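> Below is one structure. I have some questions about it.
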Amino acid sequence: MAVSEELETYIIEQLKPAGAVSARRMFGGVGIYIDDIFCALISPESNALYFKVDDSNRADYEAAGSKPFMPYKNRATIMSYYEVPEEVIDDPDELLRWARKARSAALAAPRKRRKGR
């Protein structure tokens, strides 16, 4: 299953005031970048938008009843991305506020170093 082009276009348009927005197709989903910082994704299974979280913004998602992104159905792997509530997606100002927090969380995350071959 692939991400809806309509949803991808809508999200990109709504996020443009947050910075330079770009999207890259990956694993059937879409990675969303703001100012070249990977801070959001759209899941191909659910066509849901997920933002990067850390201790600074996780409580917002938990209070809204949002769940973390789990890329593998058969494994308990949880990523540090939570589903953005529908009411936030429908409110452009609120969506930008949450997106900016997600970008900050992504910037604050420790960078993983790749092992040499």
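> Set the Förster radius R0 to 30 Å, insert the Cβ-Cβ distance between M70 and T9 as r into 1/(1 + (r/R0)^6), and round the FRET efficiency to 0.05. Display every interim value, and only then the final one.
Details: r = 26 Å, r/R0 = 0.86.
The computed FRET efficiency comes out at 0.70.
> Tell me, which longest segment in the chain has none of the chymotrypsin sites (Phe, Trp or Tyr not before Pro) that fall in DSSP loops with at most 15 further Cβ atoms within 10 Å?
Details: sites that count: F27, Y72.
Of all site-free stretches, the longest is 73-117.
> Right, something else. Compute the normalised compactness of the chain: alpha-carbon radius of gyration over 2.2 N^0.38 Å, N being the residue count. Show your work: numbers first, answer last.
Working: Rg = 13.8 Å, N = 117, 2.2 N^0.38 = 13.4 Å.
Relative to the 2.2 N^0.38 Å estimate, the chain comes out at 1.02.
> Keeping all protein chains in position, work out how much accessible area I89 exposes to a 1.4 Å probe, and write it in Å² to the nearest 10.
Counting only protein heavy atoms, I89 exposes about 20 Å² to solvent.
> Solvent-accessible area per residue for the range 1-55 at a 1.4 Å probe radius, Å²? Display every interim value, and only then the final one.
Numbers: 2750 Å² over 55 residues.
Per-residue accessible area for the range 1-55 comes out at 50 Å².
> Still on this model: Compute the relative contact order of the range 1-47 as a whole-number percentage, counting only Cα pairs closer than 8 Å that sit 6 or more residues apart in sequence.
Numbers: 70 pairs, mean separation 17.7, N = 47.
Taking the mean separation of contacting Cα pairs over the length of the range 1-47, I get 38 percent.
> For S80 and A59 in one chain, what is 0.36 nm times their gap in residues minus the Cα-Cα distance, to one decimal in nm? Walk me through the numbers on the way to the answer.
Numbers: separation 21, 0.36 × 21 = 7.56 nm, distance 1.27 nm.
Residue separation times 0.36 nm, minus the Cα-Cα distance, leaves 6.3 nm.
> In the chain, what percent of the accessible surface is made up of carbon and sulfur (1.4 Å probe, ligands and nucleic acids excluded)? Walk me through the numbers on the way to the answer.
Working: 3710 of 7480 Å².
With neighbouring chains kept in place, the figure for the chain is 50 percent.
> Right, next: So what are the radius of gyration and Dmax for the Cα set of the range 1-68, in Å?
Answer for the range 1-68, Rg first and Dmax second: 12.2, 33 Å.
> Using a Cα-Cα cut-off of under 14 Å, which aspartates and glutamates could be cross-linked to K73, ignoring same-chain neighbours fewer than 8 residues away?
E45
> Another question, then. Among the GluC sites (Glu not before Pro) within the range 13-103, which fall in a DSSP loop and have no more than 13 other Cβ atoms within 10 Å of their own Cβ? Walk me through the numbers before you get to the answer.
Numbers: sites: E13, E45, E62, E83, E86, E87, E94; in loops: E45.
The qualifying sites are E45.
The values are calculated or read from the model by the stated rules, or taken from the named source; none is laboratory data. Just so we're clear, the structure is a prediction, and the values are computed from it rather than from any experiment. Counting neighbours? That spans all protein chains shown, and the Cβs are built from the backbone with ideal geometry, glycine included. Just the protein is used for accessible areas: all its heavy atoms, side chains included, with ligands, DNA and RNA removed. Shrake-Rupley method; radii C 1.70, N 1.55, O 1.52, S 1.80 Å.
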